[in-house]
Amino acid sequence: MRLSHYLVPTIKEIPAEAESISHRLMLRAGLIKQLTSGAFSYLPLGWRVLRKIENIVREEMDAIGSQELYLPALHPLDLWIESGRASVMDEIMFKFQDHKGRWMCLGPTHEEVITDLARSFVHSYRDLPQQWYQIQIKFRDEVRPRGGLIRIRQFTMKDAYSLSTSQEDLNEWYLKNRQAYTNIFTRTGLRFYIVGAHSGAMGGSGSEEFMIPTPTGEDSIVVCDTCGYLANLEVATSKIEHHEKMDVPMENVSTPDRHTIEEVAGYLGVPEFDTMKSVIYMLVPEETPLLVLIRGDLEVSEAKLEIALKGHEYRPAHPDEIKEMSGAEPGFIGPVGLKRKDVRIIIDDSIPEGVPFISGANKDNFHTKGVTRGRDYDGESADLRLACEGDFCTHCDAPLRTERAIEVGHIFKLGTKYSESMGATYLDENNLEKPIIMGCYGIGIERIMAGAIEVNSDENGIIWPMSIAPFQVIVIPLDKRNEQIWSKAEEIYRRLWESGVEALIDDREASPGFKFKDADLFGIPIHIILGKRAIESGNAEVKVRKTGVRTDVSIESLLADPLKALPWLGDETLSRP
RNA sequence: CGGGGUGUAGCUCAGCCCGGUUUAGAGUGCUUGGUUCGGGACCAAGAGGUCGAGAGUUCGAAUCUCUCCACCCCGACCA
């Protein structure tokens with residue numbers, strides 16, 4: 001392509017609305033243009049990168065025997081009501097009525113449509129296994145889009161769905177996809193972690209996320225540098241130090257108007273870890289209270305709570321419900337002396353038996369000292385604690401650290417959640433009707449682009465890995481008046497395309513510095529610079545963007561065989577982080 | 001959804017607190033002419049804005065008040 005007539009609106013100033021590195025550079029290099037919150041136009045340069053990413057994804061999916069198809073983004077809402085997810089996904093779904101008044105929505109994901117397809121066409125165990133995938137636009141009315149392409153309301157996802165007859169077969173597909181993802185993220189030049197994750201609204205048993213470590217990320221992951229343990233913060237396990245067991249009697253103490261842990265600990269002059277926190281929820285649909293107990297200085301992970309409740313729905317309790325359960329205002333709640341007797345109690349491992357804590361007294365303006373599990377109360381045990389920087393690894397006891405990261409891929413063992421609710425079944429060898437066992441596997445295409453920039457840039461701009469660079473080479477002729485320079489540049493440019501190399505030529509009437517700055521900003525891996533010196537010496541200057549190394553290469557050899565003259569084109573290290 | 005912030009030329013922003021010397025500005029980009037040509041060149045001339053929208057206060061509003069809208073950031077939430 002010729003830069004003189006190519007839509008690449010570069011900007012020198014740092015755009016005001018952009019905070020993250022990738023967002024700034026995508027705007028500055030003319031890759032994207034925001035239309036409205038969470039929706040972007042992809043300009044020619046950016047679109048080329050996205051298509052390259054898609055192609056890598058496609059190759060790796062095809063390689064594991066996954067079949068590409070294409071589903072509609074327009075769904076009847078009925079399908080979502082049938083699966084039971086219309087309510088769960090309600091907040092993020094774009095919904096509207098068609099001209100007949102029928103409720104429709106734009107697909108935030110495609111489990112429902114796939115399951116519908118499966119129940120239409122899969123009838124026998126002989127039809128299985130299958131894996132289907134698509135590269136499709138998803139719509140999610142996110143409450144807060146952010147970070148350029150990190151979280152958007154219209155985005156492209158590769159979503160794949162495996163259909164199996166057994167858990168073993170699902171495991172096999174899961175591992176195949178896991179390997180394909182590893183290949184994809186390696187080929188796209190990303191540094192990534194595979195971390196244990198929470199299944200969330202998708203349901204199902206096991207799941208892992210592929211994470212790109214960068215401060216821009218909106219997820220936190222827990223890392224053990226000693227044994228390599230990795231997990232999403234919401235499900236990460238850790239060890240903490242416990243207090244000594246002691247036998248001290250319970251004693252009520254006055255704590256006027258001290259509601260929070262911080263206030264109570266401060267007022268009583270004790271550290272926060274001597275106190276116990278009571279968090280109250282209501283179980284749905286029973287409308288019975290759930291009391292969660294955790295040490296005062298720690299936080300409950302709602303993801304872990306969901307796991308402990310095995311998917312049982314719950315909601316935060318209202319203040320009047322708390323009062324009815326406990327007899328006291330929120331802030332003075334504890335496990336001993338509750339008014340209601342049907343309270344389900346779940347206790348985090350940070351509250352061991354025999355260790356006294358200070359808890360609410362279930363009496364306004366009072367707390368109780370010496371409240372001891374096993375002696376004064378008890379409940380179900382669970383790990384509900386949000387891990388913290390400095391906690392210890394449950395596998396090797398080394399201290400843990402946390403890191404921010406972008407989620408670019410997520411793989412799930414769904415099981416039979418959708419096949420059961422939507423009746424996607426098959427007949428097995430014994431003529432028994434069985435639900436199909438499903439897995440699902442997603443990749444955010446735009447996030448790969450953003451992530452690649454987050455991981456690979458410098459103060460001058462983007463540094464694309466060769467594999468997803470919009471162009472591999474840019475030819476930069478200097479001094480517009482010098483016809484020799486110009487004609488050589490044109491010749492080289494033509495030879496590059498003839499040899500199958502995607503090349504740009506900067507044929508704009510601009511000063512050398514201007515062209516150099518833009519070439520760096522675009523992040524094209526290889527720059528071929530032609531100035532007066534080149535004509536005099538017969539050598540063009542070849543600069544590698546990633547290393548900054550400049551090498552003289554004879555114009556003659558470039559014209560004879562560009563692929564041979566530019567060994568960097570095949571240099572694998574230029575596609576590695 | 002809670003908290004914070006922004007909205008003035010294509011872009012980045014000043015002016016607003018303290019209303020009137022501002023005929024709304026700067027830099028950059030754009031147009032024309034000339035010079036320059038290896039790290040965002042220089043000179044000259046020019047085009048370009050209902051100051052986010054509406055209402056109000058006032059002799060007078062970019063500037064004060066109210067309502068609304070849009071966008072960004074932090075948090076909550078989130079395959």
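The values are calculated or read from the model by the stated rules, or taken from the named source; none is laboratory data. Computed from a predicted model, the values in this text were never measured in an experiment. Every residue, glycine as well, gets a Cβ built from its backbone with ideal geometry; the counts of neighbours run over all protein chains shown. For accessibility, only protein heavy atoms count, side chains too; no ligands or nucleic acids. Shrake-Rupley method; radii C 1.70, N 1.55, O 1.52, S 1.80 Å.
Quick one: ranking A:Ser557, A:Ser162 by accessible area, 1.4 Å probe, largest first, what do you get? Working shown, then result.
Numbers: A:Ser557 40, A:Ser162 0 Å².
Order by accessible area, largest first: A:Ser557, A:Ser162.
Just the number, please: percent antiparallel of the DSSP beta bridges in segment A:471-575, rounded to the nearest 5.
Values: 9 of 17 bridges.
The answer is about 55 percent antiparallel.
The DSSP beta bridges internal to segment A:251-382 are antiparallel in roughly 70% of cases. Could you give the angle, 0 to 90 degrees to the nearest 10, between helix A:483-498's Cα long axis and the longest principal axis of the Cα atoms of chain A? In chain A, helix A:483-498 runs at an angle near 60 degrees to the longest axis. Couplings 3J(HN,Hα) for segment A:47-58, derived from phi with the Karplus relation 6.51 cos²θ - 1.76 cosθ + 1.60 (θ = phi - 60°), are 5, 4, 5, 4, 5, 5, 4, 4, 5, 5, 4, 4 Hz, where x marks Gly and Pro. Among the protein heavy atoms of segment A:471-575, carbon and sulfur supply 50% of the accessible surface, probe 1.4 Å, non-protein parts ignored. Over 24 Å apart at the Cα level, from the set A:Lys517/A:Lys543; A:Lys158/A:Lys543; A:Lys12/A:Lys532; A:Lys515/A:Lys546, are A:Lys158/A:Lys543; A:Lys12/A:Lys532.
Residues in segment A:185-195 carry Karplus couplings, in order, of 6, 5, 5, 8, x, 9, 8, 8, 10, 9, 10 Hz; the curve used is 6.51 cos²θ - 1.76 cosθ + 1.60 with θ = phi - 60°, and Gly or Pro positions show x.
Only protein heavy atoms count here; under a 1.4 Å probe, A:Glu302 has an accessible surface of about 90 Å². Stokes-Einstein, applied to the Kirkwood radius of segment A:239-315 over Cα pairs at a viscosity of 1.306 mPa s and 10 °C, places its translational diffusion at 108 µm² s⁻¹. To the nearest 10, the accessible area of A:Glu491 is 70 Å² with a 1.4 Å probe. Note on segment A:471-575: Cα-only Rg and Dmax are 12.4, 38 Å. Distance between the C-alpha centres of segment A:168-200 and segment A:387-407: 21 Å, rounded to the whole angstrom.
Given the DSSP H assignment, sum -39500 (n - 2.57) over each helix run of at least 4 residues in chain A and divide by its residue total; what's the result at 222 nm in deg cm²/dmol, nearest 500? Walk me through the intermediate numbers first.
On the way: 16 runs with 154 residues, N = 577.
When only DSSP H runs of four or more count, the value is -7500 deg cm²/dmol.
Beta bridges from DSSP with both residues in chain A: antiparallel share about 80 percent, rounded to the nearest 5. Average accessible surface for segment A:251-382: 44 Å² per residue, computed with a 1.4 Å probe over protein heavy atoms with every protein chain in place. For segment A:251-382, lysine pairs with C-alpha atoms less than 19 angstrom apart, excluding pairs fewer than eight positions apart on the same chain, total 10.
With the contact rule set at Cα under 8 Å and sequence spacing of 6 or more, what percent relative contact order holds for chain A?
Working: 1241 pairs, mean separation 95.6, N = 577.
Answer for chain A is 17 percent.
With contacts taken as Cα pairs under 8 Å at a separation of at least 6 residues, segment A:148-290 carries a relative contact order of 12 percent. Normalised per residue, the accessible area of segment A:471-575 is 46 Å², obtained with a 1.4 Å probe and no contribution from ligands, DNA or RNA.
Extension gain for the segment A:Arg58 to A:Glu490, taken as residue separation times 0.36 nm less the Cα-Cα distance, is 152.1 nm to one decimal.
Inverting the mean 1/r over all pairs of different Cα atoms, compute the Kirkwood radius of segment A:363-507 and quote it in Å.
Working: mean 1/r = 0.0420 Å⁻¹.
Hydrodynamic radius (Kirkwood, Cα only) of segment A:363-507 equals 23.8 Å.
Please report how far the C-alpha centroid of segment A:520-552 lies from that of segment A:223-284, rounded to the nearest whole angstrom. Comparing the Cα centres of segment A:520-552 and segment A:223-284, I get a distance of 61 Å.
If you take the Cα centroid of segment A:446-503 and the Cα centroid of segment A:22-93, the two points sit 26 Å apart.
Measure off, as a whole percent, the carbon and sulfur share of the 1.4 Å-probe accessible area of segment A:251-382, all protein chains present.
Working: 2900 of 5740 Å².
Percent of accessible area from carbon and sulfur atoms in segment A:251-382: 50.
Amide H contacts under 5 Å for A:Leu43: A:Ile32, A:Lys33, restricted to partners 5 or more places along the chain or on a different chain, H placed in the peptide plane at 1.01 Å from N. Across segment A:251-382, the mean sequence separation of Cα contacts (distance under 8 Å, 6 or more residues apart), normalised by length, yields a relative contact order of 28 percent.
Translational diffusion of chain A, estimated by Stokes-Einstein from the Kirkwood radius over alpha carbon pairs at 20 °C in a medium of 1.002 mPa s, is 78 µm² per second. Placing pseudo-labels 7 Å out from each Cα toward the beta carbon at A:Tyr70 and A:Phe514 gives an inter-label distance of 4.0 nm. In terms of its Cα atoms, segment A:295-402 spans 44, 32, 22 Å along the principal axes, sorted from long to short. A cut-off of 5 Å between modelled amide H atoms, ignoring neighbours fewer than 5 places along the same chain, links A:Ile474 with A:Leu504, A:Ile526, A:His527, A:Ile528. Here the Karplus curve 6.51 cos²θ - 1.76 cosθ + 1.60, taken at θ = phi - 60°, turns the phi angles of segment A:445-452 into couplings of 5, 4, 5, 5, 4, 4, x, 4 Hz, with x standing for Gly and Pro. With the whole protein complex present, A:Lys176 retains an accessible surface near 80 Å², based on a 1.4 Å probe.
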